[in-house]
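Beneath this line is the structure, given in structure tokens, with notes to follow.
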Amino acid sequence: MDADVPAGLARRGSKLWKQAVETWQLSPAHLVLLEEACRITDRLDVLNAIILQGSVQVNGDEGERPDIQGVLAETRQQQGALRMLIAEIRQGQVGFAPAAPSSEQEATGVTDLRARIAKKKAEG
């Protein structure tokens, strides 16, 4: 797919965009999700720079210790949002299927629940 890099993306966001459109076949809806994921990637770089600057000030001898707890919390929120967007994009790919548990692993979630219900019904 040949989709132009959206305006306003910085280095890492642009890199993510280019790699994603080369790798995945994306619907228009997934392109919107990808653009948001790229913007979050760039935003995480900005937040990281703020955290690093606060770290330098904390380790230095000048002035007050800055409070970066809010920035750290926002960083965690953005990381979670990015993780969910990438997962949503990947799930939309042709041939994508979540990994099935191996025979050695116990199934969990809906798959396991269905199997247990069927087993109970069969037992009587």
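I want to confirm something. Restricting to segment 105-124 and keeping residues that are of a type in the set (A, V, I, L, M, F, W, C) and surrounded by 11 or more Cβ atoms within 10 Å (Cβ to Cβ), which single residue is modelled with the highest pLDDT? Looking at residues that are of a type in the set (A, V, I, L, M, F, W, C) and surrounded by 11 or more Cβ atoms within 10 Å (Cβ to Cβ), I get ALA115.
Scanning segment 30-44 for residues that are under 14 Å from ALA20 (Cα atoms) and either of a type outside the set (Ser, Thr, Tyr) or more than 11 Å from the chain's Cα centre (by Cα) (or both) yields HIS30, LEU31, VAL32, LEU33, LEU34, GLU35, GLU36, ALA37, CYS38, ARG39.
From LEU9, LEU16, which residue is at pLDDT 95 or above, assigned to a helix (DSSP H, G or I), of a type outside the set (Phe, Trp, Tyr) and touching a Cys at 6+ places or on another chain (Cβ under 6 Å)?
Going through LEU9, LEU16 in turn, the sole match is LEU16.
The values are calculated or read from the model by the stated rules, or taken from the named source; none is laboratory data. Quick caveat, the model's predicted, so the values are computed rather than measured. Positions of Cβ are backbone-derived with ideal geometry, glycine not excepted, and every protein chain shown enters the neighbour counts.
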